[in-house]
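The values are calculated or read from the model by the stated rules, or taken from the named source; none is laboratory data. Source: prediction; values computed, not measured. Quick reminder, even Gly has a Cβ in these numbers, built from the backbone with ideal geometry, and neighbours come from all protein chains shown. For the accessible areas, the whole protein counts, side chains as well, though only heavy atoms, and no ligand, DNA or RNA atoms are used. Shrake-Rupley method; radii C 1.70, N 1.55, O 1.52, S 1.80 Å.
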Amino acid sequence: MPDSPHKNPGSLRRRDFVKTSALAAGSVLLMPSMLSAKAHIDGSDVIKVAVVGCGGRGTGAAMQALLTKQNVRLVAMADAFRDRLDECYATLSADDISDWTGTEDNIKDRVQVPEEHKFTGFDAYLKAIPLADVIILTTPPGFRPAHFEECVRQGKHVFMEKPVATDAPGVRRVLEAAELAKKKKLNIVVGLQRHYQTVYRRWAEMIHAGAIGDIVTSHVYWNSEGVWVHTREALEKKAGRKLTEMEYQMRNWYYFNWLCGDHICEQHIHNLDVGNWMKNAYPVRAQGMGGRQVRVGPDYGEIYDHHFVEFEYEDGSRMFSQCRHQPGTMSRVSEFFQGTNGSAPRPGVLLTRSGHELMKYDDRKDPNPYQVEHDELFEAIAKGEFKFSDGENGAKATMTAILGRMATYSGKIIEWKDALNSNLDLMPQKLAWNAVPQVLPGEDGLYPCAIPGKSIVI
Ligand SMILES: NC(=O)c1ccc[n+]([C@@H]2O[C@H](COP(=O)([O-])OP(=O)(O)OC[C@H]3O[C@@H](n4cnc5c(N)ncnc54)[C@H](O)[C@@H]3O)[C@@H](O)[C@H]2O)c1
């Protein structure tokens, strides 16, 4: 399922809705079942939710939380920008959310966010987190380590989007907080939604049961046209004033590594994660190449528009990874595995070496995995169960992508252990609208971009 930031990703659009058997009746919107008497933050069975990062995915994830069968209320919202928060609030409390869910209905009675529970700015998360039982973390990934740490410190269950960091120090913080979350029995779901998608779950079961033997090569792809860009000119025109560098980078976050991690991290993480999952391992080293040919110029910050990486696992097998953001080129978002006894040419399909079909899974009636993530999380919370600890895999999937970026940016062989121990911290020292990010444009307006063989990237 392609991940397309800024097109209401993860929302239950009309096309998806027909695939969403769990919601087909639409009645869940009107009849929240009170499954459990477990007391939450206010002593009732109401599960209170706060969303931190009220953009496309935050809106979709909040909607999915409110569409579960549990007695869920959205009680607090936090965003860096007030206009983004207002847009999200208006969508969630609209009379008609059919554009998102495919059915004429609304969830406005479950959106109970008074003005004093709407927080903006860099510290907004600190004010929203104490008010809820479950926190949805959907800012750009650079902030995830700090936000996740705070949730765990305060004993909250978490749904957080991938990636969970943009640099190795961030990954290490998430790994540590994920350990603490396990000790505190906090449910943590990471939005690597293929783990909640039936076709991938069935495929993994068969592969792990040995249907195609040992995996010897893996091929993973996120080749697409690319995503949105917010030019400085358009942003300043809309604002009616000049933006500070921090404001600009925050609005056009996709193109800055401290916020996004490059598209290998922001999108291709899904396929890299599937590669690791099927292999049941994380890579030990990587080497690769990449650059920018099409997406050049001052509006595109510092990230590449293509990467090709060869990841190596402990047993010597390889995962070949391609990701590209170039319009007019081949699109493919998928995975392929070659085993000693057969192959897995695409999700849900398995073949013997002679081409006999071992599996051909029809996923047309399967539920939307973006909804399943929330259905399963909120059911566990309502029952008082500790069932999900996706934090560690989320962090290691993120590290796989960062390892790939280090390999393509440097053109060198990078060892996993060196990458994970890297102290290259991309975050600005200070978070404020007039603070200065680490990466700045030159006099020509262009941002420095990694040069293989020259740049220090680890
Ligand atoms: N699993 C998926 O398929 C999927 C799909 C889309 C996006 N995502 C992930 O969701 C995250 C958000 O992506 P999006 O497309 O919603 O982006 P977006 O730009 O639409 O939303 C991000 C929001 O976070 C806000 N924000 C930025 N910094 C903040 C801070 N420090 N505190 C509070 N709010 C802050 C922004 O103002 C914006 O409203 C990303 O990590 C992205 O990779 C996942």
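Filtering 381, 402, 414, 451 for residues that are of a type in the set (Val, Ile, Thr) and surrounded by fewer than 16 Cβ atoms within 10 Å (Cβ to Cβ) leaves a single hit, 451.
In the set (1) within 19 Å of residue 445 (Cβ to Cβ); (2) touching a residue at least 24 places away in the same chain (Cβ under 8 Å); (3) open to solvent by less than 10 Å² (accessible area, probe 1.4 Å), the condition left unmet by residue 248 is number (2).
Residues that are of a type in the set (S, T, N, Q) and more than 22 Å from residue 262 (Cα to Cα) are absent from the stretch 127-144 altogether.
Within the stretch 73-116, can you find the residues that are open to solvent by less than 10 Å² (accessible area, probe 1.4 Å) and of a type in the set (Lys, Arg)? The answer is 110, and nothing else. Of all residues in the stretch 177-205, those that are within 11 Å of the ligand (Cβ to nearest atom) have Cβ atoms under 9 Å from Cβ atoms of residues that are assigned to a loop (DSSP other than H, G, I, E, B) and small (Gly, Ala, Ser), 6 or more apart or on another chain, in 191/10; 193/10.
This table checks each residue for (1) open to solvent by less than 10 Å² (accessible area, probe 1.4 Å); (2) under 23 Å from the mean Cα position of the chain (by Cα); (3) of a type outside the set (A, V, I, L, M, F, W, C).
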| site | (1), (2), (3) |
| --- | --- |
| 269 | yes, yes, no |
| 277 | no, yes, no |
| 295 | no, yes, yes |
| 303 | yes, yes, no |
| 306 | no, yes, yes |
| 314 | no, no, yes |
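In this structure, is residue 398 of a type in the set (Val, Ile, Thr), part of a helix (DSSP H, G or I) and in contact with a Phe, Trp or Tyr (Cβ under 8 Å, 6 or more places away or on another chain)? No: the conditions fail for residue 398. Entry remark, the stretch 162-175: residues being surrounded by fewer than 24 Cβ atoms within 10 Å (Cβ to Cβ) and either free of Cβ contacts under 8 Å to residues at least 24 places away in the same chain or small (Gly, Ala, Ser) (or both) number 1 in total.
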